[in-house]
Amino acid sequence: KKYFSSGLTAMEKKLAEYKCNTNEAIQLKLVRFPEDLEDDNTTFNPEYSHQVFGDDEVAFGYKGLKILLYYIAGNLSTLFRIEYTSKVNEKFDCVEADDVESKIREIIPPGFCTNTDDFVSLLEKEVNFKPFGMLLHTYSVHNEEAGEDITYQIYKADMTCPGFREYHERLQTFLMWFIETASFIDVDDERWNYFLVFEKYNKDGATLFATVGYMTVYNYYVYPDKTRPRVSQMLILPPFQGEGHGAQLLETVHRYYMSSPTVLDITAEDPSENYVKLRDFVLVKLCQDLLCFSPGRLMQGFSQEMVMEAQQKLKINKQHTRRVYEILRLRATDMGDAEQSRSYRLDVKRRLIGPYKKKQRELAKMRRCLRPEELTNQLNQIDLNMQHEQLEESFQQLVSDYRRVLERLAQA
């Protein structure tokens, strides 16, 4: 017997046409010139929209849905508009369209424009926008397309800078679209530091500033009189990704804290894979000239001296120093030489096996207090051969990550 119909009903077919992928529907822009509004090349889309539209990242009830979120490049004044070719109607279709507008309004601060004319007139005032806070670092990047060097600046700001609070509210909305588990921070907590990257550009003979990205850092108190800054969020906006701004920002932040005697070391909250790659590169770059990381010393193994020097001079914590040591030791090791390569492999695997050893100790404890049948269950999870395989796999993965860091270093 057939209990289900194989085809969709006409109604279901019709409703399926009214589903839009929100990552495609949301169109973001950073606008410098009025003509950017019409130029598709300046549009970019979110990587994520599940925090606003649910796990399936779908808006129901519209055909040809476009959610326009346009920002003026510097101060991030916002244009928000929704366009669509058709919408389901409660009267005829007996279903209601998602309230897309209120979902977006929840994350963007009030005071946005809803029509293009207002937005363009705000764009004319953009020449008055200046970066917030204190200038820490200026650098330039050669731009192939423009055929010239473009200048960037990094500033440290805080909530006492006039206008910064409102600007930050607009800036943090980007987190929702580009960080998988983003959350807005409590800006009234004075222990937050904000580091901002801007690009300088020319418009009608004047110098203007465009927002490139930012980082938030929280200063944890460490008894009795120290702090341990922890990197919380970091975002380089998509039009600027892949140009080295993340590395410039992280290095500048490290250098800023290095000059402070009360800072112990710098950590990060729940770092992404990309952030770890970036941090490896920056920290290795900072450490490579320290005496304790000279090739001769590297070959003698990881030492307390490395931990001390990296922490005191560069505010790098022990765990990160260990990675720096492994990367620099790889560079100093001839992996074609059987003895050198074996010694390196053993050294890294000794660290990798740490968590397994801990598990073994926990099992030994369990042995003393568990019934035999419960124990076999636990033991089945830890098979020695599997351990060796996993260990070898972790090691190979690590070495290939490390080689990428060294390649980037060689080009820097």
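The values are calculated or read from the model by the stated rules, or taken from the named source; none is laboratory data. Values in this document were obtained by computation on a predicted structure and should not be read as measured data. All Cβ positions, glycine included, derive from the backbone under ideal geometry; neighbour counts span all protein chains shown. Note: areas computed on protein heavy atoms with side chains; ligands, DNA, RNA excluded. Shrake-Rupley method; radii C 1.70, N 1.55, O 1.52, S 1.80 Å.
Tally Lys and Arg at +1 and Asp and Glu at -1 over the other residues with C-beta under 9 Å from the C-beta of V231: what net charge comes out?
Cβ neighbours under 9 Å give a net charge of +1.
From the cross-link list K315/K365; K318/K357; K285/K349; K29/K285; K130/K277, which pairs have alpha carbons spaced over 30 Å apart?
K315/K365; K29/K285; K130/K277
Just to confirm the number: angle between the C-alpha axis of helix 273-287 and the first principal axis of the chain, 0 to 90 degrees, nearest 10?
50
Which ³J(HN,Hα) values in Hz, rounded to whole numbers, follow from the phi angles of segment 43-56 under the Karplus curve 6.51 cos²θ - 1.76 cosθ + 1.60, where θ = phi - 60° and Gly and Pro get x?
These are the phi-based 3J(HN,Hα) values: 8, 9, 10, x, 8, 9, 9, 5, 6, 9, 10, x, 4, 7 Hz.
Give me the accessible area per residue for segment 295-411, probe 1.4 Å, as a whole number in Å².
Value returned for segment 295-411: 65 Å² of accessible area per residue.
If you take every DSSP beta bridge fully contained in segment 14-126, what fraction is antiparallel? Give it as a percent rounded to 5.
So the antiparallel bridges amount to about 65 percent of the total.
For every other residue with a beta carbon closer than 13 angstrom to the beta carbon of E392, add +1 if it is Lys or Arg and -1 if Asp or Glu, then tell me the sum.
Net charge in that neighbourhood comes out at 0.
Report the local net charge at T262: Lys and Arg +1, Asp and Glu -1, summed over other residues whose C-beta lies under 9 Å from its C-beta.
Counting the neighbours of T262, the net charge comes to 0.
In nanometres, what is the gap between the two model label sites at Y356 and T9, each 7 Å from Cα along Cα-to-Cβ?
Inter-label distance under the simple model: 5.8 nm.
Would you please give the residues with an amide H less than 5 Å from that of L30, counting only those at least 5 places away or on a separate chain, with H modeled from the backbone geometry?
Y71
Expected output is a single nm value to one decimal: the length gained when fully extending between Q300 and R368, i.e. 0.36 nm times separation in residues minus the C-alpha distance. What is it?
20.5 nm
What whole-number distance in Å separates the alpha-carbon centres of segment 126-145 and segment 203-253?
13
Please give the residues of segment 91-124, grouped as numeric ranges, whose backbone N is less than 11 Å from a label point set 7 Å along the Cα-to-Cβ vector of A206.
So the set is 123-124.
Check cross-link reach from K313 to the aspartates and glutamates: straight Cα distance under 15 Å, and skip same-chain residues fewer than eight apart.
Within reach: E251, D265, D289, E305.
Taking the solvent-accessible surface of protein heavy atoms with a 1.4 Å probe, what is the per residue accessible area of segment 14-126 in Å²?
52
Provide the per residue accessible area, probe 1.4 Å, for segment 130-270, rounded to a whole number of square angstrom.
The answer is 46 Å² per residue.
Once you have a ≥ b ≥ c as the square roots of the Cα gyration tensor eigenvalues for segment 284-366, tell me rounded if a/c is under 1.5, and otherwise prolate or oblate according to whether a/b is larger than b/c.
oblate
May I ask you to give the percent of accessible area on the chain that is carbon plus sulfur, with a probe radius of 1.4 Å?
The C+S portion of the solvent-accessible surface of the chain is 48 percent.
Each residue of segment 196-209 in turn: what ³J(HN,Hα) in whole Hz from Karplus with 6.51, -1.76, 1.60 and θ = phi - 60°, glycine and Pro shown as x?
Values per residue, Gly and Pro as x: 10, 10, 10, 9, 8, 9, 9, 9, 6, x, 9, 9, 10, 10 Hz.
In sequence order, what are the phi-derived ³J(HN,Hα) couplings for segment 140-154 according to the Karplus relation 6.51 cos²θ - 1.76 cosθ + 1.60 with θ = phi - 60°, rounded to whole Hz, with x for glycine and proline?
10, 10, 6, 9, 4, 4, 7, x, 8, 7, 10, 9, 10, 9, 10
Under unit Cβ charges (Lys, Arg +1; Asp, Glu -1), what dipole magnitude, rounded to 20 debye, does the chain have relative to its Cα centre?
Around 2140 debye, computed over the chain.
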